[in-house]
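The values are calculated or read from the model by the stated rules, or taken from the named source; none is laboratory data. Predicted model only: the values in this text are computed from it and were never measured. Counting neighbours? That spans all protein chains shown, and the Cβs are built from the backbone with ideal geometry, glycine included.
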Amino acid sequence: MGTAAGPMRAVSSGLHAPSAARPPGGAFDAGASAAAGKTARLAAMPLPGGQSVIFTASLSLRTPNVQAIVARATQLAESAGGYVSGEHARTVQAGKHATPMVDIQFKVPAAAYQPTLTALGGLGTKRSETQRAQDVTGTVADVNSRVASAEAAIAQLRKLLTRTGSVGGLLSVQDQINQEEASLEALQSQQRALARETAYATISLIVTRTGPAPAQHRHQAAGFLRGLTAGWHALRTAVTWLLTVAGAALPFLIPAGLLALAAIAGRRWWLGRRRAGASPAPE
């Protein structure tokens, strides 16, 4: 039993996931063990040189038609065997103008990573591009080795379980098997994550609009400006016409005004004389 516990502790010490107790019995039958072993043998996709690399890239483009470029980029990624893993559309306020922006993330096979990135960069005006290659060959080898060691330790414990006679011994061995299987699950999860990250490269694409506004907005703006210009022109024409009429009538209005004032003054004088003649003389 001491021989089996040695490698078992070595595997457990390298894990950060908590142990999860399992009920004894059917949960640890031969079929489940075989399925776990098959899953555990998943490995990260190696490069031709035997290396396992995680490729990531960020690309920023500007284009007059954001939606058309996003649709074209999605088509390129899918034709390369990839898929869209995330997409977020928003509007960015730049001064008085609102600029649409789309963040979209693609997962493409590692073998098609570079051609796909080059094709995406040609869809619009490139603003920025960053690439990163993380070599995880050592991590992949270490995880695979830990998985193999954990499987071997579990197999030894199962053999030991058949030879243990006392109830206390059975419970102790079963508890160790539970801990080892919990550790094995954590290692297998890490192994699968590494396999996905190295098999598929991640390309993050940001597309923003540049250039003139869409045709509908341009037509609306042009219609408003045309109406404003026509109204201003009509106002200027009306004011000019009124000023012209006033200027033409002014020479005639001055003598007419003087004559009207003289007529009013003469009428007042005549009425005053008439009232004076009609008044009775005082006794």
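For (1) surrounded by 17 or more Cβ atoms within 10 Å (Cβ to Cβ); (2) of a type in the set (A, V, I, L, M); (3) closer than 21 Å to V143 by Cα, each residue gets a yes or a no:
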position: A155; (1), (2), (3): no, yes, yes
position: L160; (1), (2), (3): yes, yes, no
position: Q179; (1), (2), (3): yes, no, yes
position: L184; (1), (2), (3): yes, yes, yes
position: Q188; (1), (2), (3): yes, no, yes
position: R196; (1), (2), (3): no, no, yes
position: Y200; (1), (2), (3): yes, no, yes
position: S204; (1), (2), (3): no, no, no
position: R209; (1), (2), (3): yes, no, no
Report yes if A133 is touching a residue at least 40 places away in the same chain (Cβ under 8 Å) and more than 42 Å from the chain's Cα centre (by Cα), otherwise no. no
Here's a check for you: in region 135-166, which residue that is hydroxyl-bearing (S, T, Y) and not in a loop (DSSP other than H, G, I, E, B) is nearest to V53 (Cα to Cα)? T137
From the list V84, V108, which one is touching a Gly at 6+ places or on another chain (Cβ under 6 Å) and either among the hydroxyl-bearing types (S, T, Y) or more than 20 Å from T210 (Cβ to Cβ) (or both)? V108
Has region 42-54 got at least one residue that is among the hydroxyl-bearing types (S, T, Y) and modelled with pLDDT of 65 or more? yes
When you scan region 90-140, how many residues do you find that are farther than 27 Å from S79 by Cβ and surrounded by 15 or more Cβ atoms within 10 Å (Cβ to Cβ)? 5
